[in-house]
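Computed from the coordinates by the stated procedures, all read-outs in this text should not be read as laboratory data. The structure presented is a predicted model; accordingly, all values stated were derived computationally and were not measured. Every residue, glycine as well, gets a Cβ built from its backbone with ideal geometry; the counts of neighbours run over all protein chains shown.
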Amino acid sequence: MPKHSDGTGGALDGVFHALSDPTRRQVVERLAQGPATTSDLARPFDMALPSFTQHLHVLERAGLVTSEKTGRVRTYRLVPQPLDHLDTWLAAQRTLWTRRLDQLDALLYDLKEQQQ
């Protein structure tokens, strides 16, 4: 399969990968409400803290979250810009496929008219 440039240096691949996991999507949804500590973010999930922090690292590598450590407490914040890039890419795909489906619809209509 050929590689296509998304204009973001492959950043979309990291965002798609990060959001492919339901735990990470829930973390992003939680952080949309405001910053939270590692413990606060991990509380709803039934997994060991080291396993959970791996999810946070994936989100951080994708640029979706940033963290700051104060003393022994690490606080995470959502970085919305990668989601804006994702939204732009999805909108372009939606436009492309809407146009293609409209063309297919017109072709099928013409074929049906020719048969009558």
*For residue 90, state whether it is free of Cβ contacts under 8 Å to residues at least 40 places away in the same chain, out of contact with any Lys or Arg (no Cβ under 9 Å at 6 or more places or on another chain), surrounded by 10 or more Cβ atoms within 10 Å (Cβ to Cβ) and under 29 Å from residue 29 (Cα atoms).*
yes
*Can you tell me how many residues in region 54-75 are in contact with a Pro (Cβ under 7 Å, 6 or more places away or on another chain) and either under 18 Å from residue 34 (Cα atoms) or among the aromatic types (Phe, Trp, Tyr) (or both)?*
3
*Tell me which residues, restricted to region 20-42, are farther than 14 Å from residue 57 by Cα, part of a helix (DSSP H, G or I) and out of contact with any Leu (no Cβ under 7 Å at 6 or more places or on another chain).*
22, 26, 29, 39, 40
*Could you check how many residues of region 47-90 are among the hydroxyl-bearing types (Ser, Thr, Tyr) and out of contact with any Ser or Thr (no Cβ under 7 Å at 6 or more places or on another chain)?*
4
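Might you let me know whether region 54-64 holds any residue that is touching a strand residue (DSSP E or B) at 6+ places or on another chain (Cβ under 8 Å), over 20 Å from residue 11 (Cα atoms) and not basic (Lys, Arg)? Spell out the reasoning first.
First, pick out the residues of region 54-64 that are touching a strand residue (DSSP E or B) at 6+ places or on another chain (Cβ under 8 Å): 56, 59-60, 64.
Still in the list and also over 20 Å from residue 11 (Cα atoms): none.
For region 54-64, residues touching a strand residue (DSSP E or B) at 6+ places or on another chain (Cβ under 8 Å), over 20 Å from residue 11 (Cα atoms) and not basic (Lys, Arg): absent.
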